[in-house]
Each structure stands twice: as structure tokens, then as C-alpha cells.
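The next block holds one structure in the form of C-alpha cells; read it before the comments.
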Amino acid sequence: MANINTAIKAEARDLNFFYSNGARALKGISMPLYENKITALIGPSGCGKSTFLRCFNRMHDLYPGNKYEGQIVMYPDNTNVLDAGVDPIEVRMRISMVFQKPNPFPKSIYENVAYGLRVRGENNKRIMDDKVEEALKGAALWNEVKDRLHDLAFNLSGGQQQRLCIARALATDPEIMLFDEPTSALDPIATANIEELMVELRSKLTILVVTHNMQQAARVSDYTAYMYLGELIEYDDTDRIFTNPGRKETEDYITGKFG
Amino acid sequence: MATQAMQAPMELTISPRLAKNIRRNVKERIIELILMLAALTAVATTFAIVGVLLYESVSFFKTVSVVEFFTATEWTPLFEDAHYGIMPLVSGTLTTSAIALAVAVPIGTITAIFLSEFASHKARETVKPILELLVGVPTVVFGYFALFFVTPLLQSVYPELPSFNMLSAGIVMGVMIIPYIASLSEDAMRAVPMSMREGSYAMGATRFQTAIKVVAPAATSGIVAAYILAVSRAVGETMVVAVAAGQQPTLTFNPLEGAATITAYIVQVAMGDLPHGSIGYQSIFAAGLVLMVMTLSFNIIGHWIRKKYREHY
């Protein structure tokens with residue numbers, strides 16, 4: 001694998017995951033996330049991509065009965081974020097997430113972006129104003145909303161709402177950002193905006209993105225992982241995965257023979 | 001298809017296999033009629049009530065001027081020296097209702113937040129039915145509970161409290177309407193999509209922050225609807241106030257005094273034997289009209305607030 005010198009930001013080690021009904025959704029997944037790179041997870045529906053992504057910020061903790069086995073080690077802390085002694089809230093403060101469907105809060109544009117700062121106890125208006133502006137600029141939304149920051153977020157278009165959700169996730173300076181099929185509810189133009197944004201964000205943070213659009217993975221990511229039925233089939237440079245995959249299963253999926 | 005030749009035009013007939021099925025159509029119309037009649041029952045009753053209230057009130061206002069009705073400070077329609085000021089009854093109604101809401105709104109809302117956001121599935125399935133059991137308790141039982149349990153309890157703290165007082169009636173009425181607020185608000189909060197909660201948790205919010213800052217605002221419209229229903233319940237409640245708050249119309253907002261409410265007056269007078277057409281008889285309808293206008297205006301305000309904060313998800 002090329003670029004082996006790139007620093008590792010986080011790493012799954014023999015990760016298994018079980019839903020409360022006992023179903024084993026992830027089977028012994030081990031793979032690194034390289035710092036300041038975009039890693040894409042591809043695979044057919046139900047293969048466990050989203051399940052895997054949601055392990056990183058412990059979203060599965062919200063539903064009783066779910067069980068992790070194995071490790072997700074975050075660097076430089078060298079800590080297994082799945083350990084029972086780790087506070088999921090602290091994890092989520094450093095690993096933020098953008099969802100499949102834009103899910104702004106029933107608040108103003110400004111308050112949506114300020115939300116993460118407020119839950120962290122920040123109340124200084126000057127700091128807040130600066131952070132909100134910075135995050136909205138980072139999400140390429142500032143010019144469109146700067147004159148109506150106190151409008152309700154629901155009045156924005158779907159693509160704008162998704163960029164607002166990215167701004168919201170950016171405002172707290174996360175180290176890793178998880179994108180769970182961030183463009184599946186958007187039109188092609190909005191999709192292109194979000195993809196461009198992800199590439200820009202790469203310089204600031206590490207990105208893990210689930211997509212079931214293979215072309216999207218090819219366009220934006222540096223590394224691609226192909227998953228099938230809860231297993232990691234292949235993980236490599238995106239270029240290699242799409243031009244010369246090492247496994248027959250990957251090739252079948254990439255070329256559309258399957259899936 | 002372009003290559004296919006069109007059939008030659010021919011006189012069209014309705015084949016018996018496609019003709020209108022009279023029997024089915026008639027049956028369908030009859031069912032439709034029955035359904036509409038059922039719906040009309042409620043509507044017609046409402047109009048009939050409004051009609052009777054208005055009709056009798058008009059006769060009442062032929063004797064009593066509207067100005068006196070709203071400005072006089074005494075309500076003694078059955079006395080030799082009759083006064084017709086509705087305000088003493090309105091003050092009693094508003095005071096008891098305000099106390100009831102002061103009890104029911106915070107407790108009901110907090111209960112709803114607990115049930116919707118904090119309680120485990122098992123706890124919710126246990127607590128909710130018990131809470132809803134409160135709705136099934138006859139209001140007269142609540143009335144005597146206020147008079148014989150809560151009032152003596154309050155008197156042990158504040159001995160000067162009269163046996164009939166609005167505080168005790170208001171508190172018990174509040175307890176009585178907690179289930180309405182809790183149950184409806186809980187439904188509204190549970191209807192908030194999980195994706196919104198996940199968005200909040202993913203930002204590092206705690207459960208309490210998520211409940212207060214995201215779920216409750218998203219459910220505002222439903223919660224306000226619950227409050228409005230509670231207001232209407234409190235304003236229209238009869239037995240608790242008639243039993244525990246006293247029957248003496250007094251123009252006061254002091255909860256430590258006893259005072260009659262509009263409903264208490266109506267039930268008191270309606271149980272006596274007043275001759276039809278007498279001014280005392282008509283005063284019931286004038287009081288009822290005021291009550292209805294009050295509830296109606298609360299409902300309109302509530303409707304307006306709900307429209308303003310309707311859910312966007």
C-alpha cells in the first residue's frame with residue numbers, strides 16, 4: 001500500500017458489532033484512518049458501512065442492547081474509544097458527524113451552528129459570533145446566509161441545510177468528521193458542492209465517508225474500503241481499488257457485475 | 001403504434017359488462033349518508049347549545065344592561081336586592097384555573113420529558129397507564145379529596161384558611177389535569193424524529209440538553225395544544241370547585257379565600273327550582289355564554305400559537 005508514511009488518526013482493530021437482537025453486523029474489521037485523508041466506505045445496502053461509521057462516535061450507545069467487541073484506537077491519545085471507561089460525550093466532542101438526511105434543529109441558522117459551542121458551555125457572544133462565521137465560511141454557506149442568520153434553519157433548501165449541518169459539525173473544531181451518505185438526499189448540484197467541500201476540509205481534519213455511490217468515492221476519497229455482509233473485503237488506495245482491485249469480489253462490485 | 005391501422009368509427013354502446021352498477025352505487029350512497037349523519041350529530045349539538053345560550057342570554061340582556069353585567073362587582077341574581085356583575089364569578093374561575101395550571105404545567109411537562117426522553121421502555125409502560133388512570137377518577141371524588149384532605153392539610157400550615165378556599169380546589173384540579181398535559185406532551189415529543197435527537201447527541205450533547213434544547217422546541221406545537229386543552233379543562237371544571245372552593249360569589253383573586261366560579265354558580269342554580277323565564281333562570285345562560293366565550297378564546301389563541309410553531313420536520 002502506498003503512502004504508508006502518512007500518520008494514522010484512528011484505527012479499527014478486529015472490530016465486531018452486535019445489535020440488540022443478537023445480529024452480528026460487523027465481523028472482525030481492522031483498518032486505519034489516515035490523518036488529513038478522506039476514506040470512503042463502499043458496498044451494497046446492508047453491508048454494515050453505516051454501522052461501522054457509527055461505531056467511531058459511539059452512536060450505537062443511544063440504543064440499549066447494542067454491543068461492541070474489539071477496538072477503535074484514536075491517536076494521539078492511544079485510547080480505545082469503545083472502552084467502557086471512555087465517555088461517549090467526550091468522544092463526540094472530537095469526532096463529529098453529518099447525517100444522511102439534513103437534520104437541522106428547530107432553531108435559527110445561527111443557533112444551529114452555535115449549538116455545539118453552547119452544549120460545551122460557551123456563552124461569550126464575541127467568540128460565538130466568530131466561530132459561527134468561521135464555520136459557515138468553512139461550509140461555503142456564509143455568503144448565502146450572512147444577512148439572515150436569525151431565520152429558521154428549515155427555510156433553507158436541502159443542500160443549504162446539509163451545508164448548515166456541516167457548519168454545525170465544524171464549529172467545534174473536530175478532529176475526525178463522519179459523513180453518513182451525506183448527499184443521498186440531494187440534487188446533483190448540491191452534491192457537487194458538498195463533495196468539493198469535503199475535499200477542502202481534508203486539510204483541517206480526517207474524514208470517513210459512507211457512500212453507496214461508487215463514483216462519489218472515486219471522485220473524493222484517498223482511500224476506499226469495500227465491505228460486504230459485515231466484512232471488510234478490501235482496503236486500499238482509491239486509485240488502486242478502482243483500477244486494479246486485488247480481490248475478485250471488489251472487482252465484481254466496482255464493475256457492476258454485482259450489487 | 002404508428003404502423004397499426006385505426007379501427008373504423010362505429011356507433012358506441014355501453015356494454016352491460018361496463019354499465020353502472022345501480023345496486024352498488026345505492027349501497028355506497030347510503031353508507032356515505034350514515035357516516036355524514038354521525039359526523040353531523042356533534043356539529044348540530046354544538047350549534048344547538050350555542051343557539052340556546054344566545055337565545056336565553058338575549059332575554060337576560062333585555063333586563064340587565066351589558067355594561068352592568070361586566071362592571072358591577074356583585075353577583076346576586078337570586079336576592080331581593082339583585083346585582084348582575086359577572087366579574088366575581090370570572091375572578092373565581094380565573095384564580096382557580098391559574099392555580100391549577102401553575103401546578104399542572106410544570107409537573108406535567110417535566111413528567112412528559114422524563115417519560116419521553118429518560119424513562120426506559122419498561123418504566124414508561126408502567127408509569128403511563130397509572131398516570132392515565134387519574135383521568136378515570138370521577139371529578140366529584142377529587143372535589144371531596146380537596147375538601148377533606150388537602151384543605152385540612154393546608155390548614156395545618158396556615159390555620160386561618162377557610163374550609164372553602166380556591167387554593168385547595170386549584171391544587172387538586174391541577175393534579176387532576178396533570179395526565180392530560182403529560183400524556184399529550186409525551187406523544188408530541190415522541191413524535192420528534194430520532195434523526196433530530198441523533199444530530200444533537202452527535203454534537204456531544206447530553207440527554208438533558210437534547211431534551212430541553214432540541215426535542216421540546218421541536219414539539220412546541222403539540223405541547224401548546226396540551227396546555228390549551230388543560231386550560232379548557234380547568235376553566236370548565238365544575239365539581240371540584242363547587243365542592244371545595246365554595247358557593248359564594250366574591251370578587252377576589254386571593255387564593256386563600258373561597259369564591260364561586262361560573263361553573264359552580266351554574267350547577268348550584270340549576271339544581272334549585274327556578275321558574276322558566278325568570279331572570280335567575282336566564283342568568284344561568286348568560287354565565288354559560290361567558291364561559292363558552294372564554295374557552296373559545298383560549299382555543300383560538302392556542303390554535304394561533306400552534307400555527308406559528310408548527311413542526312417543520
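The values are calculated or read from the model by the stated rules, or taken from the named source; none is laboratory data. On a predicted model such as this, the values are computed, not experimentally measured, just so you know. Because the Cβ atoms are built from the backbone with ideal geometry, glycine has one as well, and the counts that use them run over all protein chains shown. Each accessible area value is taken on the protein alone, full model and side chains, heavy atoms only, with ligands, DNA and RNA left out. Shrake-Rupley method; radii C 1.70, N 1.55, O 1.52, S 1.80 Å.
Please state the shape class of the range A:90-197: rounded when a/c is under 1.5, otherwise prolate if a/b exceeds b/c and oblate if not, all from the C-alpha gyration tensor.
Oblate is the answer for the range A:90-197, as a/c is 1.5 or above yet b/c matches or exceeds a/b.
Sorted by packing (mean other beta-carbon atoms within 10 Å per residue), highest first, where do A:152-161, B:67-76, B:97-106 land?
B:97-106, A:152-161, B:67-76
Per residue of A:84-92, how many C-beta atoms from partner chains lie within 10 Å of its own C-beta, taken as a mean?
Counting other chains' Cβ atoms within 10 Å and averaging over A:84-92 gives 2.
Show which lysines lie in cross-link reach of A:K131 when reach means a straight Cα distance below 18 angstrom and same-chain residues fewer than eight apart are skipped.
Within the straight-line cut-off, A:K131 pairs with A:K107, A:K146, A:K204.
For the range B:87-308, what percent of Cα pairs sit more than 25 Å apart?
Here the tail beyond 25 Å accounts for 47 percent of pairs.
Would you mind giving the total buried accessible surface between chains A and B, with a 1.4 Å probe and ligands, DNA and RNA left out, rounded to the nearest 100 Å²?
Interface between A and B: roughly 1900 Å².
May I ask you to derive the relative contact order of chain B, considering only C-alpha pairs under 8 Å and at least 6 residues apart, and to give it as an integer percent?
Once divided by the residue count of chain B, the mean separation gives 24 percent.
List the aspartates and glutamates whose alpha-carbon lies under 15 Å from that of A:K37, not counting same-chain residues fewer than 8 positions away?
A:E11, A:E175, A:E195, A:E196, A:E200, A:D222, A:D236, A:D237, A:D239
Checking the cross-link filter: which aspartates and glutamates have an alpha carbon closer than 13 Å to that of A:K257, excluding same-chain neighbours under 8 positions apart?
A:E249
Show me B:18-29, B:194-205, B:153-164 ranked by packing, highest mean number of other Cβ atoms within 10 Å first.
B:194-205, B:153-164, B:18-29
For the range B:209-313, state which trypsin sites (Lys or Arg not before Pro) are in a DSSP loop and have at most 15 other beta carbons lying within 10 Å of their beta carbon.
Here the trypsin sites (Lys or Arg not before Pro) that fit, given the DSSP loop and packing criteria, are B:R310.
Measuring from centroid to centroid over Cα atoms, what is the spacing of the range A:148-222 and the range B:36-109 in Å?
Each part reduced to its Cα centre gives a spacing of 58 Å.
Using a Cα distance threshold of under 26 Å, what count of lysine pairs results for chain B when pairs must be 8 or more residues apart or interchain?
4
Quantify, in whole percent, the carbon and sulfur part of the accessible surface of the protein assembly as shown (1.4 Å probe; protein heavy atoms only).
Carbon and sulfur: 60 percent of the exposed surface of the protein assembly as shown.
How big is chain A in terms of Cα radius of gyration and Dmax, in angstroms?
In Å, with Rg to one decimal and Dmax whole: 18.2, 56.
Output needed for the protein assembly as shown: three equivalent-ellipsoid semi-axes, defined as square roots of 5 times the C-alpha gyration tensor eigenvalues, in descending order, whole Å.
Value: 62, 35, 22 Å, ordered largest first.
Please give the charge dipole size of the protein assembly as shown, origin at the Cα centre, charges +1 on K and R Cβ atoms and -1 on D and E Cβ atoms. Round to the nearest 20 debye.
Dipole size: approximately 1100 debye.
Please figure out what share of the DSSP beta bridges in chain A is antiparallel and state it in percent, rounded to the nearest 5.
Percentage antiparallel, nearest 5: 60.
What is the sum of charges around B:H83, taking Lys and Arg as +1, Asp and Glu as -1, for the other residues whose C-beta is under 13 Å from the C-beta of B:H83?
Once all neighbours under 13 Å are counted, the net charge is -4.
Identify which of B:I30, B:I107, B:I300 has the largest mean-square fluctuation in a Gaussian network model of chain B, with springs joining Cα atoms closer than 10 Å.
Of the options given, B:I30 has the highest mean-square fluctuation.
List the residues of the range B:199-226 whose accessible area drops by at least 50 Å² when all protein chains are present, compared with their chain alone, using a 1.4 Å probe and counting only protein heavy atoms.
B:Y201, B:A202, B:M203, B:G204, B:K213
Using the membrane-span-like helix rule (whole DSSP H runs, Cα extent along the own axis of at least 20 Å, mean Kyte-Doolittle hydropathy at least 1.0), which helices of chain B qualify?
Going by DSSP H runs, the hits are B:22-63, B:87-113, B:166-190, B:220-236.
Kindly report the accessible area of the range A:1-63 per residue (heavy atoms of protein chains, probe 1.4 Å, no ligands, DNA or RNA), in Å².
On a per-residue basis, the range A:1-63 sits at 38 Å².
Averaged over its residues, how many other protein chain Cβ atoms are within 10 Å of peptide A:164-170's Cβ atoms?
Per-residue shielding by partner chains comes out at 1.
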